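A quick write-up on the structure given underneath.
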Amino acid sequence: MSRDIPRRRFIRTGAIVGTALVAGCGGDGGDGGGDGGGTTETTASDGGDGGDGGGDGDDGEQTTTESGPPSVALSVPSLEFTFFARMQNAFDAAKSEGTVASDSTFYDAGNSQSTQVSDVETAISNEVDLLLISAITAEGVISAIRQANDAGIPVVAIDRNVAEGDTVSYVASDNVQLGRRSTELCLSFMQEMGQQDTYNVVQLEGTPGASVTNDRGEGFSNAVSENDSLNRLASQTGEFSTQNALSVMEDFITQYGDEIDGVFCQNDLMALGAHRALQNANMSVPVTGIDGTEAWVQLFSDNQFYGTIAQLPEEMVDTAIETGKAHLAGDDVEDTIVIEGLEVTQANASDYLGQYFG
Amino acid sequence: MARTAVDFGAAREQVTLEQLGQYGPILGLVGLYVAFTVLNDRFLTVGNQVNVLQQVSIIGIMAIGVTFPILCAEIDLSIAQVMEISGLTIATLAVGARLFEGFAIPVVAAIVVGLSLGGTFGAVSGFVTARFGVPSFMTTLAMLFLADGLGLIVSGNRPIIGLPPSLTALGGSRVFGFPSIVVVFLTLLVVSQLLLSYTKFGLYIYAIGGDRQAAERMGINVPVVRLGTLVISGVFAGIAGLVTLGRLGSAIPTMGSGLLLPPIAAVILGGANLFGGSGNMVGTLVGVLILGVLQNGLNLMGVGPSGQLVAQGIVLMLAVLANVVGQD
């Protein structure tokens, strides 16, 4: 028994320290996963106001002053996320179409910040003409961006901005706008379903504190305050997860029942959960999400009042390449270029799936 | 309606009170029931109570599974990821998508493969732990990463929809108007409690959890029992993954995220000793219900995300305090 005491003390200390450690790790992993599955990989994209697509006009024209297509490097956080896998496809397409040089390289950092930094360093020593980067964290790539600046290689940030260092432009979705448009899409569905004086909508929010959650929530609030007929019935976090959204939606149904006229979800995975809860309760109300996740869009064929605002990584890459080339050609480019999300409803669902997931 | 609702709630509490009057956690649960009944008139209805049971079932099944290693002074940190990969494997095999494109196999076979996979993860970490004396904390942590990565490979990290109805029936249908997922949960709970109470294996778990050296000297085959608890935990995580498919109606690659700590917390909340030797399944049920009822009640009251976290912190602290006071 006396020998037993140190053993227990050891186990106890070990377990406490370890649990704290894993609680930390687990938390992080969970967040990353929650975001990733939803292809809401816009986690660090903050701000992004202004320049409402105004840049598009300038971009297309002046690109042919260079002798050949520039060699480009694109670095993304992780191909685990569909969002970045789609970026890779778009990049490969640009290569085969000759928009960028055939020796252009795609770098997958496998979610490791140090890998991403060394990827960028490799690209710099390869003397690429243009660097496109979607940073894992805004701060982690600062040194690499500085090196690129020193080497005189222009940098375009995609989807996630960098904290310091000079970038030519920042190409991303505007989450405030996505939130507002999705809420308004929900409103238009509710109006189609039946005329009422006020429409009660519930919101399923993302992970509390994440910038995406705040921005999309702000868009929702803007839409509610701008439209007198829209009434916010309740709002609760579903942590960007289908399962949590399902439980929360069940509780909403218990509490409000038929008062609920529509559901706005801050990502499509939560819309899947809301759909499931409504289905179990034999209710049918409009549900809208954000992201354009394949599994959610596939449900549209059954329900004309389901919709989403899809993010378009392909367009982000194309625009980033165009912008970079315009800069190389000596043109002025916008500091921030907002990629408008695509509204997907039953009408264009099959086109959307065919084009991006076919 | 209201009458039956009250009867339903009261009856369940009575049974548990009789069996477990000596346990503190029950006080916390009763306190929560009283508080939410007063604060919200929809809380204590049959519909909502069934909802709560449905909402806690997945965490509950994982909690039952992880109770075994905890009683044996082990821990299983891989449950959330094992749940994920088992569910994803079953779904992809049954549909014949992603990694198994074109290799669709019958639903029953897919389920067997998925659950065996869960058991295999438990067996690997259990073997290394029992044979080489590596703490289960580390071996199951290794399994956590392994299972997480394999889950992404199997699913291609994209949700899988269009699951066959026979597959989703176990977690998503109703038996006489009662959700099947709850039936699965309660059945597993009863079976596990019987296993603990009336088999040698159950007795050995407590003996090893209480004092491993003493158990060894009494001639108990300690490695086998330690390995066994982790295999059970893995299989239960697999079952949780299976019923999740039914509950969600689809397989989501991230469906296990955030599901590591709640089951373990529920077990401890239910009065089990984190360092082995004491605890039981009914306690685990109470712990799971405390977590579920709290969330459900706060949702009904419309408490926002930040307020919920604050309330959860306070109530959990009070619950574990009641736990200690109740044991004295």
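The values are calculated or read from the model by the stated rules, or taken from the named source; none is laboratory data. Everything numeric in this text was worked out from a predicted model, so none of it was measured. Note that each Cβ is placed from the backbone with ideal geometry, even for glycine, and that neighbours are counted across all protein chains shown.
Looking only at segment A:313-358, count how many residues are assigned to a loop (DSSP other than H, G, I, E, B) and either among the aliphatic types (A, V, I, L, M) or under 29 Å from residue A:302 (Cα atoms) (or both).
The number of residues fulfilling the criteria is 7.
Name the residues in segment A:158-183 that are in a helix (DSSP H, G or I) and either out of contact with any Gly (no Cβ under 6 Å at 6 or more places or on another chain) or surrounded by fewer than 24 Cβ atoms within 10 Å (Cβ to Cβ) (or both), would you? Walk me through how you get there before you give the answer.
Taking segment A:158-183 first, the residues in a helix (DSSP H, G or I) are A:175-183.
Hits for segment A:158-183 are A:175, A:176, A:177, A:180, A:181, A:182, A:183.
Only residues that are within 14 Å of chain A (Cβ to nearest Cβ), in contact with a Leu (Cβ under 7 Å, 6 or more places away or on another chain) and β-branched (Val, Ile, Thr): list them for segment B:219-260, please.
Hits for segment B:219-260 are B:243, B:252.
What are the pairs, 6+ residues apart or on separate chains, where a residue within segment B:180-198 that is within 25 Å of residue B:166 (Cβ to Cβ) has its Cβ under 8 Å from a residue that is of a type in the set (D, E, K, R) and crowded, with 21+ Cβ neighbours inside 10 Å?
From segment B:180-198, the pairs are B:181/B:247.
So residue B:110 ticks every box in (1) within 14 Å of chain A (Cβ to nearest Cβ); (2) at pLDDT 95 or above but one. Which box is left unticked?
(1)
Can we say residue B:292 is part of a helix (DSSP H, G or I), within 11 Å of another protein chain (Cβ to nearest Cβ) and at pLDDT 90 or above?
Details: part of a helix (DSSP H, G or I): yes; within 11 Å of another protein chain (Cβ to nearest Cβ): yes; at pLDDT 90 or above: yes.
Against the criterion (part of a helix (DSSP H, G or I), within 11 Å of another protein chain (Cβ to nearest Cβ) and at pLDDT 90 or above), residue B:292 qualifies.
Being among the aliphatic types (A, V, I, L, M) and surrounded by 13 or more Cβ atoms within 10 Å (Cβ to Cβ) is the filter here, so list the residues in segment B:159-182 that pass it. Can you show your working first?
So the first thing to find is which residues in segment B:159-182 are among the aliphatic types (A, V, I, L, M), and the list is B:160-161, B:163, B:167, B:169-170, B:175, B:181-182.
Listed by number, the residues that qualify are B:160, B:161, B:163, B:167, B:169, B:170, B:181, B:182.
Among the residues of segment B:123-162 satisfying the criterion of being more than 10 Å from chain A (Cβ to nearest Cβ) and among the aromatic types (Phe, Trp, Tyr), which is farthest from residue B:104 (Cα to Cα)?
Step by step, filter segment B:123-162, then rank; the result is B:132.
Within the bounds of segment B:64-77, is there any residue that is within 12 Å of another protein chain (Cβ to nearest Cβ), modelled with pLDDT of 95 or more, in contact with a strand residue (DSSP E or B) (Cβ under 6 Å, 6 or more places away or on another chain) and buried (at least 21 other Cβ atoms within 10 Å of the Cβ)?
no
Have a look at A:184, A:139 and point out the one that is at pLDDT 90 or above and not aliphatic (A, V, I, L, M).
Details: A:139 fails: at pLDDT 90 or above.
Sole residue among the options that is at pLDDT 90 or above and not aliphatic (A, V, I, L, M): A:184.
In the set A:261, A:268, which member is touching a residue at least 40 places away in the same chain (Cβ under 8 Å), out of contact with any Lys or Arg (no Cβ under 8 Å at 6 or more places or on another chain), closer than 17 Å to residue A:349 by Cα and crowded, with 22+ Cβ neighbours inside 10 Å?
Values: A:261 fails: closer than 17 Å to residue A:349 by Cα.
Among A:261, A:268, only A:268 is touching a residue at least 40 places away in the same chain (Cβ under 8 Å), out of contact with any Lys or Arg (no Cβ under 8 Å at 6 or more places or on another chain), closer than 17 Å to residue A:349 by Cα and crowded, with 22+ Cβ neighbours inside 10 Å.
Quick one: in segment A:329-355, which of the residues that are surrounded by fewer than 18 Cβ atoms within 10 Å (Cβ to Cβ) and in contact (Cβ under 8 Å) with a residue 60 or more places away in the chain is nearest to residue A:90 (Cα to Cα)?
Among those that are surrounded by fewer than 18 Cβ atoms within 10 Å (Cβ to Cβ) and in contact (Cβ under 8 Å) with a residue 60 or more places away in the chain, it is A:340.
Based on this model, can you work out whether residue B:146 counts as modelled with pLDDT of 95 or more and crowded, with 21+ Cβ neighbours inside 10 Å? Full working, then the answer.
On the way: modelled with pLDDT of 95 or more: yes; crowded, with 21+ Cβ neighbours inside 10 Å: no.
Here the answer is no, as residue B:146 does not meet what is asked.
Regarding residue B:229, is this residue in contact with a Phe, Trp or Tyr (Cβ under 9 Å, 6 or more places away or on another chain) and assigned to a loop (DSSP other than H, G, I, E, B)? Can you show your working first?
Details: in contact with a Phe, Trp or Tyr (Cβ under 9 Å, 6 or more places away or on another chain): yes; assigned to a loop (DSSP other than H, G, I, E, B): no.
No.
Starting from segment B:278-294, take each residue that is under 17 Å from residue B:209 (Cα atoms) and touching a residue at least 12 places away in the same chain (Cβ under 8 Å) and list its partners that are buried (at least 23 other Cβ atoms within 10 Å of the Cβ) and aromatic (Phe, Trp, Tyr), counting only C-beta distances under 6 angstrom and pairs at least six apart or across chains.
none
Yes or no: residue B:102 without any contact (Cβ under 8 Å) to a residue 60 or more places away in the chain and surrounded by fewer than 24 Cβ atoms within 10 Å (Cβ to Cβ)? Break it down stepwise before answering.
Working: without any contact (Cβ under 8 Å) to a residue 60 or more places away in the chain: yes; surrounded by fewer than 24 Cβ atoms within 10 Å (Cβ to Cβ): yes.
When the stated conditions are applied, residue B:102 passes them.
Within segment B:39-63, can you find the residues that are of a type in the set (A, V, I, L, M) and in contact with a strand residue (DSSP E or B) (Cβ under 8 Å, 6 or more places away or on another chain)?
To start, the set of residues in segment B:39-63 that are of a type in the set (A, V, I, L, M) comprises B:39, B:44, B:46, B:50, B:52-53, B:56, B:58-59, B:61-63.
Those that are of a type in the set (A, V, I, L, M) and in contact with a strand residue (DSSP E or B) (Cβ under 8 Å, 6 or more places away or on another chain): B:50, B:53.
Identify, please: which residue in segment A:240-257 is surrounded by fewer than 23 Cβ atoms within 10 Å (Cβ to Cβ) and either among the basic types (Lys, Arg) or more than 11 Å from residue A:202 (Cα to Cα) (or both) and is, among those, farthest from the other protein chains (Cβ to nearest Cβ)?
Top of the filtered list is A:257.
Being crowded, with 24+ Cβ neighbours inside 10 Å and assigned to a loop (DSSP other than H, G, I, E, B) is the filter here; which residues of segment A:292-312 pass it?
Residues satisfying the conditions are A:292, A:293, A:311.
I'm told residue B:165 meets every condition in (1) free of Cβ contacts under 8 Å to residues at least 40 places away in the same chain; (2) within 13 Å of chain A (Cβ to nearest Cβ) except one. Can you identify the failing condition by its number?
The single condition residue B:165 does not satisfy is (2).
Applying the selection to segment A:116-155, what residues are surrounded by fewer than 17 Cβ atoms within 10 Å (Cβ to Cβ), polar (S, T, N, Q) and under 26 Å from residue A:93 (Cβ atoms)?
A:122, A:126
Might you let me know whether segment A:291-307 holds any residue that is within 12 Å of chain B (Cβ to nearest Cβ), within 20 Å of residue B:163 (Cα to Cα) and among the β-branched types (Val, Ile, Thr)?
Scanning segment A:291-307 turns up at least one residue that is within 12 Å of chain B (Cβ to nearest Cβ), within 20 Å of residue B:163 (Cα to Cα) and among the β-branched types (Val, Ile, Thr).
From the list B:124, B:134, exactly one residue is part of a loop (DSSP other than H, G, I, E, B) and out of contact with any Phe, Trp or Tyr (no Cβ under 6 Å at 6 or more places or on another chain). Which is it? Give the steps one after another, and end with the answer.
Working: B:124 fails: part of a loop (DSSP other than H, G, I, E, B).
Result: B:134 is the single residue among B:124, B:134 that is part of a loop (DSSP other than H, G, I, E, B) and out of contact with any Phe, Trp or Tyr (no Cβ under 6 Å at 6 or more places or on another chain).
Can you tell me which residues in segment B:36-58 are crowded, with 24+ Cβ neighbours inside 10 Å and more than 21 Å from residue B:303 (Cα to Cα)?
Matches in segment B:36-58: B:57, B:58.
Only one of these is buried (at least 24 other Cβ atoms within 10 Å of the Cβ) and of a type outside the set (Phe, Trp, Tyr): B:196, B:245, B:261. Name it. Talk me through it step by step, then tell me what you get.
Values: B:196 fails: buried (at least 24 other Cβ atoms within 10 Å of the Cβ); B:261 fails: buried (at least 24 other Cβ atoms within 10 Å of the Cβ).
Result of the check over B:196, B:245, B:261: B:245.
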